[in-house]
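Reading through the structure tokens given below for one structure.
Read-outs throughout are calculated quantities, based only on the coordinates presented, and are distinct from any laboratory measurement. Keep in mind that what you see is a predicted model, and the values were worked out from it rather than measured. All Cβ positions, even for glycine, are placed from backbone atoms using ideal geometry, and neighbour counts span all protein chains on display.
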Amino acid sequence: MRISPANNTQQASERALIRRISGHFRASASPNSGLRLALGDDAAIWKPRAGFETILTCDWFLEGTHFLRKTHPPEAVGWKCLARAVSDIAAMGGEPRCFLLSLALPGSCAGHWLNGFLRGLRRASAKLHCPLAGGDTTRRDEILINITLVGEVELGRGSLRSSARPGDQIFVSGRLGEAQLGWELAKRSRGLVDGHKGLLKKHLYPEPRIELGRWLVQNKFVSAMMDLSDGLSSDLARLCEASGVGAAIQCKNIPLSAEQFSSAFSEKSRLAAALHGGDDYELLFCVRKDKAKRIPSKLHGLALTNIGEVTTKPRVQLVELSGKSGLLLPGGWDPFQNQSGKKTKNL
């Protein structure tokens, strides 16, 4: 892990910072991680497995955009910054192998906040079998986190967005909108939220669907797949654009947030969150029609729901309960359009 010193007087404390980070992760690499050399040198050395292709991805996690220092527990920030990056690997049907951490933070956060962040990051690293290989640190007024992730998938087996065909059945995992609704509840808090409350759990501690992605790819069920990070309406439109197709989804089939959310949100709000809310990190996947009946309604307790069909015309339609259909425009997160931090709703 490298240092980017602000000036010579800061080097001693920065060395201590690096030692603290390294101390949390030095023993985290498993023999199967592929890391021949990790922390403590100029760079890491990683050895890929024979018969596999390497998946590379990176992900920003920014204070003020993705989390609020006074609202989100640092443990949750540590967990989520890695979990959301791993979700990209899950969407390819792969496995995470190791990650690099680039961290910028103010000096005031180098104590208690950093300790909590590292605890959450270490738990995610252990849970997801993804050790820290190295990274970089520097000082800045706000917290900036970047995760660079290395994953692997069997040669020629990685799932793409661009392979959906008309007639394919469209599935999603889990329930949609719970992360967005949790974010709405978190914004009402005047201090740090309780990270273990059920309504906030998916917003604070998302779980990338690695096992599901692997199962779909290994059993050759999936024709196209991606993760739901920016909202169903936006992400489905991206999949359709990449494949040169359209989609028709049934409003009645969309798996809404659990019933305990109904006391705080109307059904209309829950549907809007399911369509346009981001951060769910569920999988959106397409299955050839002749294989769709072989997809179970649940896999290891995780619901798998058929919500529609891939169509020929390059547009996404929402079929309402009445049977009337209309265009479903992308209304999820777009950092270049939603400068206020609010998602555009077009339900």
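Assorted remarks:
- Candidates are the residues of the range 85-120 that are within 18 Å of the chain's Cα centre (by Cα) and surrounded by fewer than 21 Cβ atoms within 10 Å (Cβ to Cβ); the one that is nearest to Arg140 (Cα to Cα) is Ser102.
- Leading residue by the ranking (surrounded by the most Cβ atoms within 10 Å (Cβ to Cβ)) among those in the range 45-83 that are polar (S, T, N, Q) and not in a loop (DSSP other than H, G, I, E, B): Thr57
- The single residue among Arg165, Arg175, Arg190 that is basic (Lys, Arg) and free of Cβ contacts under 8 Å to residues at least 24 places away in the same chain turns out to be Arg190.
- Qualifying residue in the range 131-141 (condition: in contact (Cβ under 8 Å) with a residue 60 or more places away in the chain and part of a helix (DSSP H, G or I)): no
- Qualifying residues in the range 275-306 (those that are of a type in the set (D, E, K, R) and in contact with an Asp or Glu (Cβ under 9 Å, 6 or more places away or on another chain)) - the one surrounded by the fewest Cβ atoms within 10 Å (Cβ to Cβ): Lys289
- Qualifying residue in the range 305-314 (condition: touching a helix residue (DSSP H, G or I) at 6+ places or on another chain (Cβ under 6 Å) and within 24 Å of Ala76 (Cα to Cα)): no
- Within the range 145-160, residues that are touching a residue at least 24 places away in the same chain (Cβ under 8 Å) and of a type outside the set (Gly, Ala, Ser) sit with their Cβ atoms under 7 Å from residues that are surrounded by fewer than 17 Cβ atoms within 10 Å (Cβ to Cβ) and part of a loop (DSSP other than H, G, I, E, B), at 6+ positions apart or across chains, in these pairs: Glu152/Pro48; Glu152/Arg49; Glu154/Gly51; Leu155/Gly51.
- Enumeration of residues in the range 164-197 that are part of a loop (DSSP other than H, G, I, E, B), of a type in the set (A, V, I, L, M) and under 19 Å from Leu283 (Cα atoms): Ala164, Leu176
- Inclusion of Glu309 among residues that are in contact (Cβ under 8 Å) with a residue 24 or more places away in the chain, surrounded by fewer than 23 Cβ atoms within 10 Å (Cβ to Cβ) and in a helix (DSSP H, G or I) is not warranted.
- Residue in the range 228-254 that is surrounded by the most Cβ atoms within 10 Å (Cβ to Cβ), counting only those that are in contact with a Leu (Cβ under 6 Å, 6 or more places away or on another chain) and closer than 17 Å to Pro206 by Cβ: Leu232
- Qualifying positions in the range 232-260 - among the aliphatic types (A, V, I, L, M), more than 17 Å from Pro314 (Cα to Cα) and within 19 Å of the chain's Cα centre (by Cα): Leu256
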